[in-house]
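Below is one structure, written out as structure tokens; comments come after it.
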Amino acid sequence: MKGTKKWLFYVVVTACFLLFLIPFYIVIVNVFKDNREIVENALALPQYLNVSALGDAFHKMNYGQTFLNSLFITLTSVSATIAAAAMCAYLFARKNWRVNHIIFMTMVVSMIIPFQTIMIPLVRNFSSLGIMNNRGTMIFFYVGANVPMAVFMFHGFMKSIPFELEEAAKIDGCTQVGIFVRIILPLLRPIASTVFILNFLGTWNDFLAPFIILTDNSKKTLPLMTYMFTGQYFTDYALVLAGLILTMLPILAVYIFMQRNIIEGVAQGQ
């Protein structure tokens with residue numbers, strides 16, 4: 001019975017793994033086809049390797065400028081999120097004030113509110129302030145949207161840090177700011193890496209928020225420029241898939257480089 005359960009487990013895991021790979025297979029195989037081959041059979045291997053779609057997508061997306069837009073918005077918003085969330089979580093974890101509990105629970109509850117429910121009033125407010133079509137607005141939005149989850153993860157991790165470390169630092173004459181910068185921040189490196197990766201992935205791949213805020217092509221992100229290849233009456237599937245590949249490569253490199261920190265940081269933050 002034990003061997004049968006183990007065998008079934010491996011079968012289910014293998015089947016799930018293969019299902020997960022199907023979208024990647026479709027994208028990678030069809031990026032080397034023309035539209036006729038893609039429409040005829042999207043699962044078949046290409047008759048010959050056609051790399052022209054990658055070059056066309058690279059130029060039509062203005063890849064250099066668009067990549068820098070995505071990188072600037074993502075890195076700036078993620079860095080600001082980590083800095084703000086770390087300071088908030090430290091205050092919540094170390095100061096047992098009633099107002100801290102109220103604010104923390106408000107942040108946790110706000111995590112379940114979908115963006116679609118606040119999208120229209122948010123855009124209306126941004127328009128009335130005259131800050132639409134602005135990269136700074138995107139950064140401001142992402143920081144506000146990502147801080148609650150980051151605070152939640154940092155808070156769980158900070159509760160595992162012994163308070164005696166801070167007491168010893170105080171005896172040695174270290175200030176409160178010095179304790180946070182010299183002792184707490186270095187210990188937050190594992191969970192900070194996890195927060196960085198999760199927020200980086202979410203911000204880089206986000207489509208809806210930039211779609212309703214950014215209108216100029218010179219300010220758009222990579223997912224938005226990929227959407228440019230779709231139309232009401234015609235969609236250039238080869239260019240769409242090439243754009244997906246070009247959009248996916250940078251984030252895939254970041255994930256592979258830092259993936260070992262994800263599970264470690266999440267486990268230590270429980």
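Bear in mind that the values in this text are calculations on the coordinates, not laboratory data. What you are looking at is a predicted structure, and each value in this text was computed from that prediction instead of being measured. Every residue, glycine as well, gets a Cβ built from its backbone with ideal geometry; the counts of neighbours run over all protein chains shown.
Once you place label points 7 Å from the Cα toward the Cβ at F211 and N96, how far apart are they in nm?
About 4.8 nm, to one decimal.
Size of the dipole of the chain about the Cα centre, Lys and Arg at +1 and Asp and Glu at -1 on the beta carbon, nothing else charged, in debye to 20?
600
[x] 1.06; [y] 1.00; [z] 0.96: which one is Rg/Rh (Cα atoms, Kirkwood Rh) as calculated from this entry?
[x]
At a 10 angstrom cut-off on C-beta neighbours, averaged per residue, how do the peptides 30-36, 5-11 rank from highest to lowest?
For the peptides 30-36, 5-11, the packing ranking is 30-36, 5-11.
First measure r as the distance between the Cβ atoms of N35 and Y10, then evaluate 1/(1 + (r/R0)^6) with R0 = 25 Å and state the FRET efficiency to the nearest 0.05.
E between N35 and Y10, to the nearest 0.05, is 0.05.
Normalising by the residue count of the chain, find the relative contact order in percent from Cα pairs under 8 Å and 6+ residues apart.
Here the relative contact order equals 30 percent.
Find how many whole Å separate the alpha carbon centroid of region 103-122 from the alpha carbon centroid of region 163-226.
Taking the Cα centre of region 103-122 as reference, the centre of region 163-226 is 19 Å away.
What do the square roots of 5 times the Cα gyration tensor eigenvalues come to for region 132-232, in whole Å, largest first, as semi-axes of the equivalent ellipsoid?
40, 14, 10
Give the aspartates and glutamates whose C-alpha is closer than 13 Å to that of K220, dropping any in the same chain fewer than 8 places away, or say none.
Leaving aside aspartates and glutamates fewer than 8 places away in the same chain, those within reach of K220 are D206.
Taking the Cα centre of the chain as the origin and placing charges on Cβ (Lys, Arg +1; Asp, Glu -1), which of S77, L185, G243 is farthest toward the positive end of the dipole?
Selected residue: L185.
Could you go through region 95-104 in sequence order and give the Karplus-derived ³J(HN,Hα) for each residue, using 6.51 cos²θ - 1.76 cosθ + 1.60 with θ = phi - 60°, rounded to whole Hz, and x for Gly and Pro?
After applying 6.51 cos²θ - 1.76 cosθ + 1.60, I find 10, 8, 8, 5, 5, 5, 5, 5, 5, 4 Hz.
Could you check how many percent of all C-alpha pairs in region 7-104 are farther apart than 22 Å?
Value for region 7-104 (Cα pairs over 22 Å): 65 percent.
Could the peptides 158-169, 212-223, 95-106 be put in order, highest first, of the mean number of other beta-carbon atoms found within 10 Å of their residues?
Ranked by mean Cβ neighbours within 10 Å, highest first: 212-223, 158-169, 95-106.
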